[in-house]
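Structure, as structure tokens:
The values are calculated or read from the model by the stated rules, or taken from the named source; none is laboratory data. This is a predicted model, so every value here is computed, not measured. As a convention, Cβ positions derive from the backbone with ideal geometry for all residues, glycine included, and neighbour counts pool all protein chains shown.
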Amino acid sequence: MIAIISPSLTMEECSDNYTNLTIPFQVDMAKKIVSRINELNIQDMKSIMNINEKLATINKLRYKKIKFDNNGSPAILSYTGTVYKNINASIFDLDEIEFCKKHVRILSGLYGILKPYDSIYEYRLELKTKIDIEDSNNLYDYFGNSIYKCLISEDREIVNLCSGEYSKAIIPYLTNEDKFITCSFKINKNGVLKTFATDAKDTRGRMINFIVKNKINNVELLKNFNENGYVFREELSNDSEYVFVK
């Protein structure tokens, strides 16, 4: 079983010293993206990334500094958004780190697919970004089925904790050989079940923490998750979606 999560837009360099960091699977594809982005000027970056001039300037400098070595920061500690705050990977012990390495993957607009302790550098690039690279005019086309192939080369039982933007890199390529389960977190508001983005991100992070801390390698055991007020609802779930409600 492998659980997949989205990256966050916010990042910072990890101050702790981690050794034995690994190089991302799709480093050659990432190098071409970095090379293309380094050709852009500030106005291009503002337009393509839909960001303001301050962010464009920051990221122009970031891309100049990106390297492809094992001296960066662990991916799972480099992202600082809500999901990652609730994963709380900084407190994992050595056994939990080893389990996390095997059973968690991060999808990225720059790096494609990341292992949690891959060496990465600060960047900003959403997977939905429309940028021409080689014969592709957006990142979905550029990566094609390569992220999916990397993932199933390790395991065909996949727990989807990604946003729709990132799961789109996997879903079109699924076959009958794959078991792909999306975990949905819904809140009951006056009898109506709704997903609230911030609360869902919070809970996805808690789910990853739950998987790692309990060393879960069987999708059936996910049904025991009951954090942040959520409980599994069998009657609302099916083979491709596990629904948790609070």
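Would you be able to tell me the number of residues in segment 86-126 that are touching a strand residue (DSSP E or B) at 6+ places or on another chain (Cβ under 6 Å), in a helix (DSSP H, G or I) and surrounded by 23 or more Cβ atoms within 10 Å (Cβ to Cβ)?
Number of matching residues: 0.
Checking ASP239 against (1) out of contact with any strand residue (DSSP E or B) (no Cβ under 6 Å at 6 or more places or on another chain); (2) within 25 Å of ALA89 (Cα to Cα); (3) among the charged types (D, E, K, R), which test does it fail?
Only one criterion is unmet by ASP239, namely (2).
Which condition number in (1) farther than 19 Å from VAL83 by Cβ; (2) out of contact with any strand residue (DSSP E or B) (no Cβ under 7 Å at 6 or more places or on another chain); (3) buried (at least 16 other Cβ atoms within 10 Å of the Cβ) is the one that ASN190 fails?
Checking ASN190 against (1) farther than 19 Å from VAL83 by Cβ; (2) out of contact with any strand residue (DSSP E or B) (no Cβ under 7 Å at 6 or more places or on another chain); (3) buried (at least 16 other Cβ atoms within 10 Å of the Cβ), the one that fails is (3).
Based on what the data block shows, is THR80 surrounded by fewer than 16 Cβ atoms within 10 Å (Cβ to Cβ), modelled with pLDDT of 95 or more and within 14 Å of the chain's Cα centre (by Cα)?
On the way: surrounded by fewer than 16 Cβ atoms within 10 Å (Cβ to Cβ): yes; modelled with pLDDT of 95 or more: yes; within 14 Å of the chain's Cα centre (by Cα): yes.
So THR80 passes the test.
Which pairs turn up if I take residues in segment 45-59 that are surrounded by 14 or more Cβ atoms within 10 Å (Cβ to Cβ) and look for partners that are of a type in the set (Gly, Ala, Ser) with beta carbon separation below 8 Å, at least 6 apart in sequence or on another chain?
Within 8 Å, the pairs are MET45/ALA56; LYS46/ALA56; MET49/ALA56.
Do you know which residues across segment 207-235 are in contact (Cβ under 8 Å) with a residue 24 or more places away in the chain and either part of a helix (DSSP H, G or I) or in contact with a strand residue (DSSP E or B) (Cβ under 6 Å, 6 or more places away or on another chain) (or both)?
Residues satisfying the conditions are MET207, ILE208, ASN209, ILE211, VAL212, LYS213, VAL219, LEU222, TYR230.
Residue by residue, here is whether (1) surrounded by 17 or more Cβ atoms within 10 Å (Cβ to Cβ); (2) closer than 20 Å to LYS101 by Cβ; (3) at pLDDT 95 or above holds:
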| site | (1), (2), (3) |
| --- | --- |
| ALA3 | yes, yes, yes |
| PRO7 | yes, yes, yes |
| GLU13 | no, no, no |
| ASN17 | no, yes, no |
| THR22 | no, yes, yes |
| GLN26 | yes, yes, yes |
| LYS31 | no, no, yes |
| VAL34 | yes, no, yes |
| ILE37 | yes, no, yes |
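For segment 133-140, state whether one or more residues are buried (at least 20 other Cβ atoms within 10 Å of the Cβ) and within 17 Å of ILE5 (Cα to Cα). Spell out how you get there, then give the answer.
Narrowing segment 133-140 to residues buried (at least 20 other Cβ atoms within 10 Å of the Cβ): 139.
Of the ones still in play, those that are also within 17 Å of ILE5 (Cα to Cα) are none.
Checked segment 133-140: no residue is buried (at least 20 other Cβ atoms within 10 Å of the Cβ) and within 17 Å of ILE5 (Cα to Cα).
Find the residue count for segment 207-246, including only residues that are under 16 Å from the mean Cα position of the chain (by Cα) and under 20 Å from GLY164 (Cβ atoms). Steps first, answer last, please.
Start the filter on segment 207-246 by keeping residues that are under 16 Å from the mean Cα position of the chain (by Cα), which leaves 207-209, 211-212.
Imposing the further condition that a residue be under 20 Å from GLY164 (Cβ atoms) reduces the set to 207-208.
Looking only at that region, the number is 2.
Could you count how many residues in segment 60-77 are surrounded by 19 or more Cβ atoms within 10 Å (Cβ to Cβ) and either more than 18 Å from GLN26 (Cα to Cα) or among the acidic types (Asp, Glu) (or both)?
The qualifying residues number 1.
Give the number of residues within segment 162-184 that are within 14 Å of ILE113 (Cα to Cα) and buried (at least 20 other Cβ atoms within 10 Å of the Cβ).
Looking only at that region, the number is 4.
Could you grab the pairs with beta carbons closer than 8 Å, sequence gap of 6+ or different chains, first residue in segment 83-112 and among the aromatic types (Phe, Trp, Tyr), second one in a loop (DSSP other than H, G, I, E, B)?
These pairs meet every condition: TYR84/SER8; PHE99/LYS215; TYR111/PRO24; TYR111/GLN26.
Output the residues belonging to segment 67-117 that are more than 21 Å from GLU157 (Cβ to Cβ) and among the small types (Gly, Ala, Ser).
GLY72, SER73, ALA75, SER78, GLY81, ALA89, SER90, SER108, GLY109
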